[in-house]
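Taken together, the values in this text are just the output of simple stated rules run on the coordinates, not laboratory data. Everything quoted here is computed from the prediction, not taken from an experiment. Cβ coordinates were reconstructed from backbone atoms using ideal geometry, including for glycine residues, and neighbour counts include every protein chain displayed.
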Amino acid sequence: MDALQQVLDQPLLMLGGTPVTVGTIAVGVVILLVSIAISVLLQNAMSRALQRRKMGDEGTLAAMRRLVHYAVMLVGTGIALDTIGVNLGALFAAGAVFAVGLGFAMQNIAQNFVSGIILLIERTIKPGDILNVEGTVVRVIQLGVRSTLVRSRDDEDIIVPNSVLVQSMVKNFTLRDALYRIRVTVGVVYRSNMAEVHRLLRDTADQLSWRVRSLEPRVFLKEFGDSSVNFEVSVWINDPWDAPAARSKLHQAVWDALEQAGVTIAFPQLDVHFDGPIEESFRALATA
């Protein structure tokens, strides 16, 4: 035992007047290993608790597990360094200038990291949600601590910094439910029977089998255009991701209904009127 104690007490170097021995290094390593074990236990316990309460999905749980691991390892590493003999206070003071410069350089990373924590706590955005981010409709694939992986309708994977999701206006089409309203606009000529057109569009939208039956379709006379009277037809669907295909089906249904009823869909027209002398000149040229 005396020989082992002498080995453990053998100084290897001096840190600020404090000897670093084999024993203190061994204790520091043990503390790190214990920290890893505690981290694993806490992660598993948190995952089980959240899954029992149905409060987390795969992406959210993975991000929260990483946060717990970082927190435990940060505390464990600090305790291990203090045990070895590293003066953390002096170390932080000596590196203050470097830390300030590093802080400015890592400002965006820290901002995205904090934004990721906010998203995890608020849970306003979750994997599987359909969002409109800066004009692009995307589906959330994985919610990370620094960034979020999303996929567009063109099957493009996009990495979005979490600060964009927190600081900009984002539409979440599936936050409370998956209901989504699609609209199409159609213009008919001015000589049309507007009451008949309104009824026809209403019946056409009402007969769509794929719309949400609990919500009535709506038809509005939207405006009097230069060459047409414009109507807006809208129905509800329960899958925002399928909106382009549903809008195409609604366009086709409106086209077929108006064509079968003999209603003319207007297109831009321009009437040109000539003064009397000019008309006489054209007539003379035609008969010459």
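Numbers below:
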read-out: For segment 202-245: relative contact order, % (alpha-carbon pairs under 8 angstrom, 6 or more apart); value: 37 percent
read-out: Unit Cα scatterers, Debye sum, segment 201-288: log10 I(q)/I(0) for q = 0.13, 0.18, 0.20 Å⁻¹; value: -0.58, -0.88, -1.01
read-out: Virtual spin-label span in nm between Arg48 and Leu270, 7 Å along Cα→Cβ; value: 7.7 nm
read-out: Modelled FRET efficiency - R0 35 Å, Thr185 with Ile278, Cβ distances, 0.05 increments; value: 0.40
read-out: Percentage relative contact order, segment 175-288, counting C-alpha pairs under 8 Å, at least six apart; value: 35 percent
read-out: Over segment 161-225, volume per residue of the alpha carbon convex hull, in Å³; value: 139 Å³
read-out: For segment 158-172, 3J(HN,Hα) per residue [Karplus equation, 6.51 cos²θ - 1.76 cosθ + 1.60, θ = phi - 60°, Hz, x = Gly/Pro]; value: 10, 9, 10, x, 4, 5, 5, 5, 8, 8, 9, 7, 10, 8, 10
read-out: Simple spin-label estimate for Val75 and Glu223 in nanometres, 7 Å along Cα-Cβ; value: 6.1 nm
read-out: Contour minus Cα-Cα distance for Leu215 and Ala261 (0.36 nm per residue); value: 14.0 nm
read-out: Three-way shape label, segment 109-250, alpha-carbon gyration tensor, a/c 1.5; value: prolate
read-out: Around Phe173: net Lys/Arg minus Asp/Glu count, Cβ-Cβ under 14 Å; value: +2
read-out: Options Leu221, Ile182, Ala261, ranked by Cα towards positive dipole end of segment 162-288, top entry (Cβ charges); value: Ile182
